[in-house]
Every structure is written in structure tokens, then in C-alpha cells.
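The values are calculated or read from the model by the stated rules, or taken from the named source; none is laboratory data. Everything numeric in this text was worked out from a predicted model, so none of it was measured. Ideal geometry is used to build each Cβ from the backbone, glycine not excepted, and the neighbour counts take in all protein chains shown. In case anyone asks, the SASA skips ligands and DNA or RNA and just uses the protein heavy atoms, side chains included. Shrake-Rupley method; radii C 1.70, N 1.55, O 1.52, S 1.80 Å.
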Amino acid sequence: AGPCDIYAAGNTPCIAAHSTTRALYSAFSSPLYQVRRGSDNTTLNISPLSAGGTANAAAQDTFCARTTCLITTIFDQSGRGNHLTQAPGGAFRGPEANGYDNLASATGAPVTLNGNQKAYGVFVSPGTGYRNNNARDTAKGDAAQGMYAVLDGTHYNGGCCFDYGNAETSSTDTGNGHMEAIYFGDSTGWGSGAGSGPWLMADLENGLFSGVSPKNNPGDPTITARFFTAVVKGTKNLWALRGADAGSSGALSTYYSGVRPNAAGYNPMSKEGAIILGIGGDNSISAQGTFYEGAMTSGYPSDATENAVQADIASSARYATTALVSGPALQIGSTVSLRATTACCSTRYLAHTGATVGTQVVSASSAAALRQQASWTVRAGLGGNSGCVSLESRDTPGSFIRHFDFTLQLAANDGSKQFREDATFCPQAALGGSGGGGTHSIRSWNYPTRYFRHYNDVGRIASNGGVHDFDAPGLFNDDVTWAVGAGLG
Ligand code: AHR
Ligand code: AHR
């Protein structure tokens, strides 16, 4: 039985079920999600390999080979049509045309299930969001609901708000108690838990709550699991926060269970019944996180039902990490150069002048200083245990290529989490391009729709289509394809 079979057996059926990695009902065999590729803007639905099984990631890999792919729709498996699609702007506008949010890369969060079955989660960068403002059968007012989600416990930030659950149908803040969603991250703007975070909290609107106090609940632990099962549920003057390492077959721990918070406007609740993923109720878009699967129920699930869902995740999904890189390995400690391959520019190398990073013509007869400016030492990725890399300046040790406002720059490592993540890049087998000799495309770790691109000779991280001039689809594959070779000096 899948998670939603278990909830149904407990008389708290799923009214929305979302996953890009697997079916959440044992009989479900319809499409799980849809991807759109950059080469021709056509779409493909991805279904489970068999009823109740893991997503057919191989179909996606074939469809997306040598181009880019975005997740356009996460289908509702409950049969209610509560699909998640690109979120529209609300009180906050998204970065895309007409204020829509970004879509997630289809390849930003690869994992394996059950040992060897590859699948992809939903990697939410700041700006990314999905929503359904016309959902059916979701909880309204003070009605009871339960929710669970499996998340990446190491991908988070303090921005508002990486959420999954019930929110406003207007994409605006309509007051306290108008949301009830899972939140994951280390925001301290409202509530917090023990240690320095990240924490599971409930986003109830105008507040992230860890317990009865709007400020702090020392019983809400800092999460360290790579795969984390998060549970939030709420009914009349009662709600709970529960969690577990998604790999653990034991019961979920209860971080809070009790009355509504000590603040006006949360008892009774005023839930509106829209569904959000990756954003706040008012379309706040500053947060990041990764979603693998989740569901929302009607009724207040028992702890025993939730523990059985957790047991299923541990035994039937068995989430594990897999490589974020592909193509020839970049040797840690080696010094490399990156030559552009677009026809215009194949004598140009990625180089810095001071803090500015772009392409410059370099050859064996160039001055030693310029050859060093175009040489980079490969370091293990500063941003966590990703298996990705950081590129340290050959002539300015301690300074690395990072992106800032999607522009590459050379900057000294300031030790911050933001710097480390902005300076981490995941080499991929080259997207292609007509120039020949290309070996790699260099993808941003925290914005996996974006790759190193030269555009008017300036270094950027660019997506294939988007609002910036440097996101232009023309020559995209060429501009993001680099010939990685030995250092030049
Ligand atoms: O409750 C926290 C956030 O506050 C909500 O997600 C958002 O709607 C508001 O800005
Ligand atoms: O380059 C995109 C973002 O711009 C970086 O992540 C951040 O440091 C800056 O705001």
C-alpha cells in the first residue's frame, strides 16, 4: 500500500497527492508530472514504471537529452484534479513574464529509490513556485486536514517561505489563520526551534509556528537528515508538528501537539484551500528547498496512520542520493581552463579582470598574467556535500567564481552559506553546440536551470529562455558549452 492507501484506510483520505518520484497509491499508473524541453518547447508526461511504482526517469532523460527541461505540472494523484502548475504573481510578483514564478529544473534534484531506480525531485530556487488556487475538497475554515512531505533536509534558507500545503486562493495575505502549510527552513523572522535550524514549522499566515509560543519551541529540533519526512496537521484548537528521518522505519517524533498558538487570529482557523509549493501564501519567493513527494488529507490523521506512512517511505521508497555531475570528472586540485565553443568565440577563455568574469582571447603567447587570469583550480564544492565543484582563481587564492544577480564575478570567500552555495557548480556532459570540442556545461548548484554562459563576452548564469537578455534561447547550447582543458599558466 502507498501513503494515500494508508491514509484512506485510516479514514483520512488524500485529497491531493503530489510526487515527481513515485506513485502514492498502489494502483496509480497515470502521469506523475509533465516536463517541457527547451529545444522545441514540447512537453512529455512522465508516468510510473508500473502501477504504484517509481517514475520513469529514463523517459525524461531521453526526451531531455542535450537540451534543458523544466517541470511544468505536478499532477494530483487523488483524482480530484488538484494539479500544481506555475504559480501566478500575488502580493509579490514572480521573476517570469507577467509576474509568474519560475518553474523548477527537471534535473536539479536527482535521487534513487529502492537502490537503483533513478528519479527526480523538485528543486526550488528562490523565485520558483507552484500553486493551485482552485483546488477541490481541501480544508476550509476550521476544518481538519493532515499533510506530509518528503524534503531535502540540507537544502533550505531563511527566506520566506518554502511551504507545501493550504494557502490563500488570492495569492495575497488575507490575515492570520488563512494558511496551514508545512514550512521547512531556518527563518527566524517569526518562530524558531532548538539550535540554529533548519526547522519544521507550520506556516499559518503572518507567522511560522514551532509550537504554542509564536516565538520559540525548544522541543522543535534542528533537522540534520538528508531526507526528511515532515508532518503538519490541524483541527479545532488542535494541531501538531511531527517529523522523522525519511529512512528510519521507526515512528515519527512529535515536536508539538496541542492547542493553537498564543496569538490572535489562529483559533478558529480561516483556511482557504488553495495549494502551494515552494512559496508563501502571498507568493513570497525568497525561499529554497527540495520536494520529493507529499499529500494533503481530509480529516485529522491519527499518529498511527502517519507512522504507517513513514514506514512506507522508509521501506518502499528508500530515498538515496546520486551524482549531481556528469561527463568527464574534473579532478579536484587540478588547474583547468574553460574555452568557449560558440563559432564567434572559440579563441576566448573564461577569465577574470579584477572582480569581473567574462571571456578573453588567450593563447600560449599571451602574457603570463593573462594566462593565469584564465586558469582555475578545481576545489570540492564549497556548498555542502554535493559532489560539485568550486573554481578558485589561479592568481588570487581564496577567491572563487560565484554568481551574484546571475552574473559571474570573482570574490573572496566570505564564509557565508550564501557565498558557498553561489560558488558551487555542477559540471555536466556538454549540452552540445555546433562549435565542436566542447566537453562540459557548468550548472549552478542553487539555480539548476542556469549554466555558465558567455553573452556579449560577459560571464552569466543563464537559463534557456527567461526574462534576461542573457537567457535568450538563440545560441544557448553553444554558449553554455565549454572545452575544459589544462590550465594556461
Ligand atoms: O506566514 C509567513 C508568511 O507571511 C506567509 O507565507 C506569507 O503569506 C506572509 O508574508
Ligand atoms: O545570482 C543570483 C543571486 O543573486 C545569488 O544567489 C545571490 O547572492 C544574489 O542575490
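Identify all residues within the stretch 466-489 that are assigned to a loop (DSSP other than H, G, I, E, B) and out of contact with any Gly (no Cβ under 6 Å at 6 or more places or on another chain); write none if there are none.
Within the stretch 466-489, 466, 467, 468, 472, 474, 475, 480, 487, 488, 489 qualify.
Quick one: is residue 155 part of a loop (DSSP other than H, G, I, E, B), under 27 Å from residue 212 (Cβ atoms) and in contact (Cβ under 8 Å) with a residue 40 or more places away in the chain?
Judged against the criteria, residue 155 is not a match.
Out of all the residues in the stretch 322-344, which are among the small types (Gly, Ala, Ser) and surrounded by 16 or more Cβ atoms within 10 Å (Cβ to Cβ)?
326, 337, 340
Taking the conditions exactly as written (closer than 24 Å to residue 362 by Cβ and out of contact with any Phe, Trp or Tyr (no Cβ under 7 Å at 6 or more places or on another chain)), does residue 414 satisfy them or not?
Against the criterion (closer than 24 Å to residue 362 by Cβ and out of contact with any Phe, Trp or Tyr (no Cβ under 7 Å at 6 or more places or on another chain)), residue 414 does not qualify.
Being open to solvent by 40 Å² or more (accessible area, probe 1.4 Å) and either away from ligand 2 (no atom under 16 Å from the Cβ) or under 23 Å from residue 344 (Cβ atoms) (or both) narrows it down to one residue among 441, 434; which is it?
Just one listed residue meets the conditions, 434.
Please verify whether the stretch 225-236 includes one or more residues that are part of a loop (DSSP other than H, G, I, E, B), surrounded by 16 or more Cβ atoms within 10 Å (Cβ to Cβ) and more than 16 Å from ligand 1 (Cβ to nearest atom).
Scanning the stretch 225-236 turns up at least one residue that is part of a loop (DSSP other than H, G, I, E, B), surrounded by 16 or more Cβ atoms within 10 Å (Cβ to Cβ) and more than 16 Å from ligand 1 (Cβ to nearest atom).
Quick one: is residue 175 under 15 Å from residue 285 (Cβ atoms), assigned to a loop (DSSP other than H, G, I, E, B) and either modelled with pLDDT of 95 or more or within 16 Å of ligand 2 (Cβ to nearest atom) (or both)?
Considered against the rule, which asks whether it is under 15 Å from residue 285 (Cβ atoms), assigned to a loop (DSSP other than H, G, I, E, B) and either modelled with pLDDT of 95 or more or within 16 Å of ligand 2 (Cβ to nearest atom) (or both), residue 175 comes out as no.
Residue-wise test of (1) within 22 Å of residue 483 (Cβ to Cβ); (2) in a loop (DSSP other than H, G, I, E, B); (3) more than 16 Å from ligand 2 (Cβ to nearest atom); (4) open to solvent by 50 Å² or more (accessible area, probe 1.4 Å).
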{"position": "363", "(1), (2), (3), (4)": "yes, yes, yes, yes"}
{"position": "366", "(1), (2), (3), (4)": "yes, yes, yes, no"}
{"position": "372", "(1), (2), (3), (4)": "yes, no, yes, yes"}
{"position": "379", "(1), (2), (3), (4)": "yes, no, yes, yes"}
{"position": "382", "(1), (2), (3), (4)": "no, yes, no, no"}
{"position": "390", "(1), (2), (3), (4)": "yes, no, no, no"}
{"position": "397", "(1), (2), (3), (4)": "no, yes, yes, yes"}
{"position": "400", "(1), (2), (3), (4)": "yes, no, no, no"}
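Take the residues in the stretch 111-133 that are under 20 Å from residue 280 (Cβ atoms) and polar (S, T, N, Q), then tell me which one is most open to solvent (accessible area, probe 1.4 Å).
In this case the residue turns out to be 133.
Of everything in the stretch 191-213, what is of a type in the set (Phe, Trp, Tyr) and either modelled with pLDDT under 95 or more than 9 Å from ligand 1 (Cβ to nearest atom) (or both)? Give them in sequence order.
Once the filter is applied, which keeps residues that are of a type in the set (Phe, Trp, Tyr) and either modelled with pLDDT under 95 or more than 9 Å from ligand 1 (Cβ to nearest atom) (or both), the stretch 191-213 yields only 199.
So residue 170 fits all but one of (1) among the small types (Gly, Ala, Ser); (2) within 27 Å of residue 85 (Cβ to Cβ); (3) crowded, with 23+ Cβ neighbours inside 10 Å; what number is the exception?
Going through the list (1) among the small types (Gly, Ala, Ser); (2) within 27 Å of residue 85 (Cβ to Cβ); (3) crowded, with 23+ Cβ neighbours inside 10 Å, residue 170 breaks only (3).
Please work out if residue 422 is closer than 20 Å to residue 354 by Cα, open to solvent by 40 Å² or more (accessible area, probe 1.4 Å) and out of contact with any Ser or Thr (no Cβ under 6 Å at 6 or more places or on another chain).
Considered against the rule, which asks whether it is closer than 20 Å to residue 354 by Cα, open to solvent by 40 Å² or more (accessible area, probe 1.4 Å) and out of contact with any Ser or Thr (no Cβ under 6 Å at 6 or more places or on another chain), residue 422 comes out as no.
Looking at residue 129, is it at pLDDT 95 or above and within 16 Å of ligand 1 (Cβ to nearest atom)?
In short, yes.
Out of the stretch 39-61, which residues are surrounded by 18 or more Cβ atoms within 10 Å (Cβ to Cβ), without any contact (Cβ under 8 Å) to a residue 24 or more places away in the chain and not hydroxyl-bearing (Ser, Thr, Tyr)?
Result: 44, 56.
Pick from 359, 353, 347: which is open to solvent by less than 60 Å² (accessible area, probe 1.4 Å), out of contact with any Pro (no Cβ under 7 Å at 6 or more places or on another chain) and away from ligand 1 (no atom under 16 Å from the Cβ)?
Exactly one residue qualifies, and that residue is 359.
Report, by residue number, each residue of the stretch 62-107 that is part of a helix (DSSP H, G or I) and open to solvent by 60 Å² or more (accessible area, probe 1.4 Å).
Of everything in the stretch 62-107, those that are part of a helix (DSSP H, G or I) and open to solvent by 60 Å² or more (accessible area, probe 1.4 Å) turn out to be 62, 97, 98.
Which of the residues spanning the stretch 176-217 are open to solvent by 20 Å² or more (accessible area, probe 1.4 Å) and touching a residue at least 60 places away in the same chain (Cβ under 8 Å)?
176, 178
In the stretch 271-297, how many residues are part of a loop (DSSP other than H, G, I, E, B), more than 13 Å from ligand 1 (Cβ to nearest atom) and either open to solvent by 10 Å² or more (accessible area, probe 1.4 Å) or under 22 Å from residue 152 (Cβ atoms) (or both)?
1
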